[in-house]
Amino acid sequence: MIELFSANTPNGKKISIMLEEIGYEYKTTKIDLDKGEQHKPEFKKISPLSKIPVIIDQNKNKTIFESGAILMYLAEESGKFYDQKNRLEINQWLMAQMGYVGPMLGQHHQFHHYNPGKSKFGEERYFKIAERIYIELDQRLSNSKFLSGDDYTIADIGTFPWIARHEWHDIGLSNYKNLTRWYNDIAKREAVIKGFSFMNKDEVIPKP
Ligand SMILES: N[C@@H](CCC(=O)N[C@@H](CS)C(=O)NCC(=O)O)C(=O)O
């Protein structure tokens, strides 16, 4: 059994999607970020940076924080979505998500979606970076079915929930035909639909 400590955010959804994909039994504990539950001492014991997601693998007595590390752990444990022969390519696209796509789109959410009008510089800077990310992912997907090649991997699982916030980005996902094709392919997977709505059963994946 896996215990998942999470919230309804892109980083949170990555792990519920992965757990659904590999068919592991899991139970979710919600950490209310608005109420500051991430800073409680008992949560900091398992998450030293006070962030979701975290998992505890009760069978192996292991606690893991950082969504990229969790994806790698679950992929290695299950033997799925992390082909040894393609690992270098998968690692690059997963690290690009962890160090670039997620953090930059996260800043775009802060300036454009949550706090419009507060900083023209911040809004313009992160809008441009978000647009660049769409262009770059679209280019990559013009010559590759999935981010790291022919197969769906943890790099796609990590990236998908960020693009699924496209309505907040105001960039127009449907203008990017390769990215849209990739998005639609992933959005129809049963495990993705289930994992996406792990905290709110009525939530649906936004259409491009
Ligand atoms: N690099 C981390 C980022 C996780 C992260 O930023 N989590 C956010 C929610 S999406 C969080 O818990 N924020 C609470 C806080 O920083 O106080 C990961 O990928 O796991």
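Nearest 20 debye, what's the magnitude of the dipole of the chain about its Cα centre given +1 on Lys and Arg Cβ and -1 on Asp and Glu Cβ? Walk me through the intermediate numbers first.
Details: 29 positive and 28 negative charges, 63 e Å.
My answer is approximately 300 debye.
Rounded to whole Å, give me the distance from the Cα center of segment 126-186 to that of segment 9-52.
Cα centres, segment 126-186 to segment 9-52: 24 Å.
Determine the relative contact order of segment 1-150: mean sequence separation of Cα pairs under 8 Å and six or more apart, normalised by residue count, in whole percent. The partial results should precede the final answer.
Working: 150 pairs, mean separation 27.7, N = 150.
It comes to 18 percent, rounded to a whole number.
If each DSSP helix of 4+ residues adds -39,500 (n - 2.57) and the sum is divided by the residues in the chain, what number results at 222 nm, nearest 500 deg cm²/dmol?
Working: 10 runs with 99 residues, N = 208.
Result for the chain, helices only: -14000 deg cm²/dmol.
Please list 11-18, 98-105 highest first by mean number of surrounding beta-carbon atoms within 10 Å per residue. Mind dumping the intermediate values first?
Numbers: 11-18: 26.1, 98-105: 17.9.
With the highest mean Cβ count within 10 Å placed first, the list reads 11-18, 98-105.
Could you give me the ³J(HN,Hα) list for segment 115-132, computed from phi with Karplus coefficients 6.51, -1.76, 1.60 and θ = phi - 60°, whole Hz, x at Gly and Pro?
10, x, x, 8, 8, 4, 4, x, 4, 5, 4, 7, 5, 5, 5, 4, 4, 4
Val54's amide H: which non-local residues (gap 5+, or another chain) put their own amide H closer than 5 Å, with H modeled 1.01 Å from N in plane and none for Pro or chain starts?
Phe5
Going by average Cβ neighbours within 10 Å, how do the peptides 109-115, 156-162 rank, with the highest at the top? Walk me through the intermediate numbers first.
Working: 109-115: 15.6, 156-162: 27.1.
For the peptides 109-115, 156-162, the packing ranking is 156-162, 109-115.
Compare the Cα positions of Ile163, Ala75, Ile22 along the charge dipole of the chain (+1 at Cβ of Lys, Arg; -1 at Cβ of Asp, Glu; about the Cα centre) and return the one farthest towards the positive end.
The residue sitting most towards the positive pole is Ile163.
Computed from the coordinates by the stated procedures, all read-outs in this text should not be read as laboratory data. What you see is a predicted model; the values in this text were computed from it and never measured. Positions of Cβ are backbone-derived with ideal geometry, glycine not excepted, and every protein chain shown enters the neighbour counts.
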